[in-house]
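Laboratory data are not the source of any read-out in this text; all were calculated from the coordinates shown. Since this is a predicted model, take the numbers as computed values, not measurements. Please note: Cβ atoms are built from the backbone with ideal geometry, for glycine as well, and neighbour counts cover all protein chains shown.
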Amino acid sequence: MTSSRLRITAVAALVAAGVVSTAVLTGSARSARSTCILVFCNKDVSLGIRNSSKTAIQVEICPKGHANDPGNSLDGPCNVVTETSVVGTGDRKIVFNTNPLGVMIRPAYGGPAKNTRLLFYVSNPLVGQPYIRANGHKVALGEGEAVIRDVDGVEVELRRYADEDRNGDSVKLMRIEIRKWPGAH
């Protein structure tokens, strides 16, 4: 009876080792954009930034190692800004496949509320729901969920769509939409 239990234990150990080695190989064979630990893979985020306001916005972006979660403080989410774009009224900017991501948004050409700066940190953690931290406030988003917030006087919609393939990787598809900037006519 004892040797029978030992055989069952040995077979179970071999099966478990095979599952782990397969998971590790699968993780290493995945794109360099995803982080895999055993069978758990942390998908990157593809973020859309849409400007539906009447004010052109300047968007500053920092991905991965240049981004840091400021927590509940109003510290900027970027150690180094790697890309700056102007997004006009009705336009959008797509930031492909990265995790985490820092985004800073302000009016592009001064004007109303020229000193307003919105700070976003976007993350898809290994455990828990993907979230967007907006000026220090964390908003976790379930698939298909949208949340409208007043962020420092600016009406913003934060949205998460169903996962999608982008550039060959399965990603968490999310969006920040600037709906109304204060003082715009």
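Structure notes:
- Spin-label pair residue 162-residue 91: with each label point 7 Å from Cα along the Cα-Cβ axis, the two points sit 3.1 nm from one another.
- Sequence-distant contacts, meaning Cα pairs under 8 Å at least 6 residues apart, place the relative contact order of segment 90-185 at 20 percent.
- With R₀ fixed at 25 Å, the C-beta to C-beta distance from residue 58 to residue 129 puts the FRET efficiency at about 0.30.
- Distance from the alpha carbon centroid of segment 76-97 to that of segment 131-157 works out to 17 angstrom.
- Which listed pairs, of 114/180; 43/180; 54/114, have C-alpha distances above 25 Å, in listed order: 43/180
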